[in-house]
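Laboratory data are not the source of any read-out in this text; all were calculated from the coordinates shown. Remember, predicted model here, so these are calculated numbers, not experimental data. Every residue, glycine as well, gets a Cβ built from its backbone with ideal geometry; the counts of neighbours run over all protein chains shown.
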Amino acid sequence: MPLLSCKNARRDYLNLFGYGTFALPKAGIAPLTMLSKNGSRLTPIGPLTATFPPGPTVTVPTIKRNRAAAISGAQSRSVDASIGLDILGTAIGALSGSTLGLKLAYKKASSVEFEFGDVFDSSIATNELDAYLANTPVDTLAGPGLRDLLDDDEVYVMISVLDAAQVSVKATASSGADLQLDVPVVQQLVGGNVKVGGTGQSSSLLTYRSTDTPLAIGAQVVRIMFDGTVYKSFKQVKPTPIGLAPVEQEIAAPAELIEV
C-alpha cells in the first residue's frame, strides 16, 4: 500500500495519490469552490455558482460521493512530533474537538505516525463542469477584480474533495519505545465531540473519530481558461512531489497547498 507521507512541514502527504493538501484541514469544504493563487497557495474566493449562476436550461454538475479505499488506512512515515502534533491539533479542532492540553498529553513524544481513516471522495465530472461553464455566462454583478483573474487564467475550481472521519496516531518516545497514553485522560482533553479509542486504558495507538462531521483533507483542482469573460477550456492541475521542478506542459504542475 502506498505511504501517506507527511514527511515535512509542507505537508505533501496526499501528492502520491494525486491530491493537493489542505494547509488547514477543515469541515464543510465541497467541490465547485473557486480558488485563486495567493503566493505559493491556492485560496478560496467563493462558490462557482455565485459567479456563474445556473439558468433554467443549465444543470449544475452533480457531486457524487464514494469511499476512497486506496487512501483509507494508508500509514504515514514517522515524523517529528512538533510537525505531527500540529497536524493532529488542526484535525481535532476541525472535527469539533478541543486541542487544549493535547501537546501536554504528547509532551514525551519524539515522533508520531498517523493515518486518516474512513476516507471519502466527493467529486464532479470534468465534462459536466466543461459543459456548465460553456453555457453559463459570468454574473453581471461580478467585480473587476474577479474579471481580471478570469482573463488572466488565474482561477481554479475544486473538482474533488477528500474527507476523513477519523485520524489514528501512534506516538514514539525518544528512546524508540512506543509511548503509552492514558485513553480516558486524552478523551477528557478533546471533549465529547471526538471519540478517542485505543487497545485498552493505556495505548500508544489512539484513534480520534468525529461523532458528526468529516474532515476535508485534500482536493483535486482544475484551472479554467478564459478570453476576457468567455470560457474557453480547462487544464487539470497535478500536485508536484516536493523537491521536483514543476513540469511545463498541458497539465500544469504546481505544488501549492490549498488554504481553507
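Suppose R0 equals 35 Å. What FRET efficiency, 1/(1 + (r/R0)^6) with r the Cβ-Cβ distance, do LEU104 and THR126 give to the nearest 0.05?
On the way: r = 46 Å, r/R0 = 1.32.
Step by step, r from the Cβ atoms, then E = 0.15.
Give me GLU115, GLU128 sorted ascending by neighbouring Cβ count inside 10 Å, so fewest comes first.
On the way: GLU115 22, GLU128 15.
The fewest-first ordering by Cβ neighbours comes to GLU128, GLU115.
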